[in-house]
Each structure stands twice: as structure tokens, then as C-alpha cells.
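Take a look at the structure below.
Only the coordinates and a few stated rules stand behind these numbers; no lab work does. Everything quoted here is computed from the prediction, not taken from an experiment.
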Amino acid sequence: MLRVPRRAALLATLAAVTLTAAACDDDGPTGPPTESLACNTTVGNLAFGDTVTGVLVRESCRLTDGTYADRWRMDIDTASVLTIDHISDDVDPYLIIRDAQGNQIVADDDGGIGDDARITFGFAAGTYYVLANTFDADDFGGYTLIVR
């Protein structure tokens, strides 16, 4: 039986732990975590004048910060200034607007009444995605979106 001096065994263990930690680091070789597959799926369409309701559940889109969101598609034919409210008694609403390529263009936490989110934004014609999100990770419940 081969005997490894205690100090050498300790150093080998430390090196293995360090390499494993580096491989798991979000900025390391494995890259940042990705969103769930549900983030590529829309739950419905939004347009001016709509009021829609939804429920955030574990099967909803999970963002890298641990929060969940429903993704709504909004097609705008002509440049418009719209206000979108994200209201909930169940969760602390957070509202995200992304362009057709998935880039975040605007977000809001408490721009509405109380903890509700509100975005008023000048949209160019095009496709946008509205993410009904939460401020806190692992927060689930019902919500309402109003587009005016």
C-alpha cells in the first residue's frame, strides 16, 4: 500500500477543490447560467387596451437571478408611447421589456402604486417581449398586466 504524507494529501485535496470551484464559477470556463427553456415561450400576446392575468409558477421562465417570469409578446405597428402596469397582491412585481433580439431595453420595480411596477415608454414599431417578473427570487402567484 502506498502511503502519501499527510501534507501532500492535504495539498492534493486543496488543489482538487480549487479546480472544481473554478470550473463552477459563473465567470469561469463553463460560462454564466442560462435561462430555462420556458423563457423562449410566450404565454400570450399583448396590445394597446389589453388587461390580462397570469400566474407565476415553477414552470414559468426562470431567470439567472432566481426569479420567475411570464413572457408576453407585443407587436407594435406604429411608434407609440404606451404605459404598462404590472399589478399583484401575491408577489412584488418587477417589469422587464425586451426587444425582438432579447435585449433588455427598460425595466421597473416600484414605478406604479405601492410595490406595483409601471413603465411608460416610447416604442418604435416592432416586436417586443414583456416579462411579468418578480423582485424576489422564488416568488410565485397571480398578477395583472394592463397596457394603455
Average Cα contact separation per residue, region 39-82, under 8 Å, 6 or more apart, as relative contact order %: 49 percent
Hz values of 3J(HN,Hα) by residue in region 132-141 - Karplus curve (6.51, -1.76, 1.60), Gly and Pro given as x: 7, 10, 10, 6, 9, 5, 6, 10, 10, x
Distant-in-sequence amide H partners of Gly111 (H built 1.01 Å from N, under 5 Å): Arg118
Distant-in-sequence amide H partners of Thr134 (H built 1.01 Å from N, under 5 Å): Tyr68, Tyr94
